[in-house]
Amino acid sequence: MNTKKVYIETYGCQMNVADTEVVLSVLDKAGYTPTTILDDADLAFMNTCAIRENAEEKVWNRLNHWKGLKRRKPEMVMGLLGCMAEHLRKDLLQSKDNIIDLVVGPDEYRKLPALVEATRDSGESGIAVKLSRTETYDDILPFRAEGISAFISVMRGCDKFCTFCVVPFTRGRERSRTLASIADECMQLEQQGFKEITLLGQNVNSYLDEGKDFSDLLAACAKAVPNIRIRYTTSHPQDFDQKLTDTMQNYANICKYIHLPLQSGSDRILKLMNRTYTRKHYMSIIEMIKKSMPEAALSTDIIVGFCSETLEDHLQTMEVMREVEYEGAYMFNYSPRPNTKAFDTLPDDVPLVEKTRRLNQIINMQNKIAEQKNLMEIGSEHTVLVEGRSKKNESEWKGRTDSNKMVIFPRIDAEVGEYRRVKILRSNSATLFGELIDVKESKHISRTSQDRGEVIYDLTPLVISSVSEHEHSGVDQPAAMLPIISSVF
Ligand code: 5AD
Ligand code: SF4
């Protein structure tokens, strides 16, 4: 039997995490077992991100580290997958002392076993970077580590062409998986013991399968696994509609949490970004969400220092952030990306020091908003999915509220994978701290009106960082599954 081992390092967003699981599944069928020890691997990949320059820099730095290993183990096949593979193509094979044997883009993963074989046989490097209009890996069941939280990628690619963004070039045109196969996968995940599922896509609101839109998909998944929390990300404001909020309201197991990237509060900048909405339109969606789902938690993405952004534009972004009062925000300096329209046609004319000043300003403001909102949580009660031990303190559990807010509580009388009631006793800008208030014997933990209505804003845990490589994070893998005792909702 072939007992070859594959090691994969994943960078970037949750889509990449989900893609890594597809790659592991494809390679599993070819006889490769995953390993977490690089030195033990016969085959090593980095699944890469190209969204900002610093994401690429991390991979280049890591490649330097891999160089020594390649010298010691020249037979090890090393490759780059994902967005950088698509973006840089041949450059990658011709650089860094040629330690890279394979460069494979996001739509070519089915070819991996053949490419690896060919590289081994010939000693030649291989490249496969064609983008597809149809590939969704619909029939491939991802190879998932045991855990309580799973991602399902429901669509691939993006047709929005925001002028700053490389994704339409690295991931190609939008295409959706079938609704039936996604709902089936939800049921399989439930059987495997997963307790939370996140539906992923670059712009999930564009999902379409034979007339069924994203709201239909969300409803189908919520119905298929009523005891499992369903989350989704990411939305584009242009396609966000009331049908979606109505659907979220109709199912208790759909988390009342919406990530709605704003990017900028200035209409002039939004136009230059080709975001296809105005500040007024964006605010009308926020009002609709707050009215129809007052308990919903909101988060966003902001880019500062985009081409020609003035102080006045920047202040408008801050105004919107203050008005909306997001629970969390991912905030970034604009990073010009080759191939994009902004890179080709608009000068990157806000100096780095000014970008960073503006970035720090919004980070500080957002942290204060989050801190205030978290203070309001003291005394409230939440159903928390227990994820594992707190990293900082072994004697405490960490878990998340429906609104994705991290809660820390003493490690007594609870197990990973349970949904438990927790009362919040104190907070800081990123985390809530509480105590268990239900009894273990209770087999059914239902969400109360306090969870759904009285607490106006559940606070999200999106700790804000301009340097995080895990945008839209969640890459933090949960601890191994332990037996589940409670049912939810
Ligand atoms: N520079 C900075 N941030 C970017 N994003 C996408 N492209 C860029 C870029 N060139 C941000 C956007 C997007 C998030 C995933 O990454 O805010 O919503
Ligand atoms: Fe990029 Fe815009 Fe598509 Fe998001 S919607 S992936 S920012 S092009």
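Within a 10 angstrom radius of the beta carbon, how do 84, 331 rank from fewest other beta carbons to most? Intermediate values should be presented prior to the final figure.
Values: 84 27, 331 24.
Taking fewest neighbouring Cβ atoms as first place, the list is 331, 84.
Could you list 307, 186, 13 so that the one with the fewest beta carbons within 10 Å of its beta carbon is first and the one with the most is last? Arranged by neighbour count, lowest to highest, 307, 186, 13 become 307, 186, 13.
For residue 220 and residue 292, the FRET efficiency from 1/(1 + (r/R0)^6), where r spans their Cβ atoms and R0 equals 30 Å, is about 0.90. Among the GluC sites (Glu not before Pro) found in segment 269-357, those both in a DSSP coil and sparsely packed, with 16 or fewer other Cβ atoms within 10 Å of their Cβ, are 325. By other beta-carbon atoms within 10 Å, ranking 221, 165, 83 with the fewest at the front produces 165, 221, 83.
Computed on the chain, with alpha-carbon pairs under 8 angstrom and 6+ residues apart, the relative contact order is 13 percent.
Legend: calculated FRET efficiency, residue 312 to residue 415, from the Cβ-Cβ distance at R0 = 45 Å, rounded to 0.05, equals 0.25. Share of pairwise Cα-Cα distances greater than 15 Å in segment 145-209 is 56 percent (whole percent).
Considering every alpha-carbon pair of segment 4-128, the percent of pairs per 10 Å bin, from zero through the bin containing the longest distance, is 14, 52, 33, 2.
Using only Cα atoms, what is the ratio of the radius of gyration of segment 53-95 to 2.2 N^0.38 Å? Write out the running numbers ahead of the final one.
Working: Rg = 11.0 Å, N = 43, 2.2 N^0.38 = 9.2 Å.
For segment 53-95, the normalised Cα radius of gyration is 1.19.
Rounded to whole Å, the principal axis extents of the Cα atoms in segment 149-374 read 53, 41, 29, largest first.
Annotation: segment 70-223 has a Kirkwood hydrodynamic radius of 17.4 angstrom, from the mean reciprocal C-alpha pair distance. Given axes a ≥ b ≥ c from the Cα gyration tensor, I'd like to know whether the chain is rounded (a/c under 1.5), prolate (a/b larger than b/c) or oblate. The shape class here is oblate. When you filter the GluC sites (Glu not before Pro) in segment 358-417 for DSSP loop state and at most 14 other Cβ atoms inside 10 Å of their Cβ, you are left with 394. A full extension of the chain between residue 393 and residue 36 corresponds to an added length of 126.1 nm, given 0.36 nm per residue minus the alpha carbon distance. When only alpha carbons are used to place a centre, segment 76-128 and segment 1-70 end up 12 Å from one another. Legend: residue pairs 223/243; 243/368; 29/111; 58/368; 291/423, Cα-Cα distance threshold 22 Å; pairs beyond threshold, 243/368; 58/368; 291/423.
The numbers here are math on the coordinates, done by the rules we state, and not lab data. None of these values were measured; they are calculated from a predicted model. Don't worry about glycine lacking a Cβ; one is built from the backbone with ideal geometry, like all the others, and counts go over all protein chains shown.
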